[in-house]
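Data block below; observations after.
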Amino acid sequence: MAEKSATNLVQAIAKSKKAPLERLIHAIGIRHVGSTVARLLAERFRSLEKLADADEEALSSIPGIGPEIAGSVASYFRSAGGRRLLKGLLDRGVTGTPPEKRERPAAGPFAGKTFVLTGALSMPREEAESLILDGGG
């Protein structure tokens, strides 16, 4: 039993190192970076290293990310604490898995619209987000 538990623990740790990149970015706790911004950053930069190297101009060129968020992200990764955390994660093999590339339709029933999902939904939140994104929102 102890060997099985140890094997399961090692497998769970290995799996957690490859968690979705957007969850990892969100979990870091950068000011102004919620789950939606974390997803935008993960889609654009596809790795923690590339995100950490991005300047404010590259960050603010992403639709949905303004100068305040761009400044917050850039300054976080320029800080000693941010660099130390990044190095610690990478040294331990924590990289995150980038999201599948998704082409956002330019047209659709939700094109050009922004949605905020709050409260209880009749479907899982991730499913609702996916439907909105697939519809151009």
Query - Matching residues in the range 10-44 - criterion: being touching an Asp or Glu at 6+ places or on another chain (Cβ under 6 Å) and among the β-branched types (Val, Ile, Thr) - result: none
Query - helices (runs of 4 or more DSSP H) (entirely within the range 40-134) containing at least 2 residues that are under 18 Å from Leu24 (Cα atoms), in contact (Cβ under 8 Å) with a residue 12 or more places away in the chain and of a type in the set (Ser, Thr, Tyr) - result: 67-78
Query raised in the report: Is it true that some residue in the range 2-10 is of a type outside the set (A, V, I, L, M) and either modelled with pLDDT of 90 or more or under 18 Å from Thr97 (Cα atoms) (or both)?
Result: no
Query raised in the report: Is it the case that Arg23 is among the charged types (D, E, K, R), assigned to a loop (DSSP other than H, G, I, E, B), open to solvent by 70 Å² or more (accessible area, probe 1.4 Å) and within 29 Å of Thr118 (Cβ to Cβ)?
Result: no
Report task. Find the residue count for the range 26-56, including only residues that are surrounded by 14 or more Cβ atoms within 10 Å (Cβ to Cβ) and basic (Lys, Arg). Result -> 3
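Does Arg31 qualify as being assigned to a helix (DSSP H, G or I) and not aromatic (Phe, Trp, Tyr)? Let's see the steps before the verdict.
Details: assigned to a helix (DSSP H, G or I): no; not aromatic (Phe, Trp, Tyr): yes.
No: the conditions fail for Arg31.
The values are calculated or read from the model by the stated rules, or taken from the named source; none is laboratory data. Note that this is a predicted model, so its numbers are computed, not measured. FYI the Cβ positions are ideal-geometry reconstructions off the backbone, even for glycines, and counts take in every protein chain you see. Surface accessibility is based on the protein's heavy atoms, side chains included, excluding ligands, DNA and RNA. Shrake-Rupley method; radii C 1.70, N 1.55, O 1.52, S 1.80 Å.
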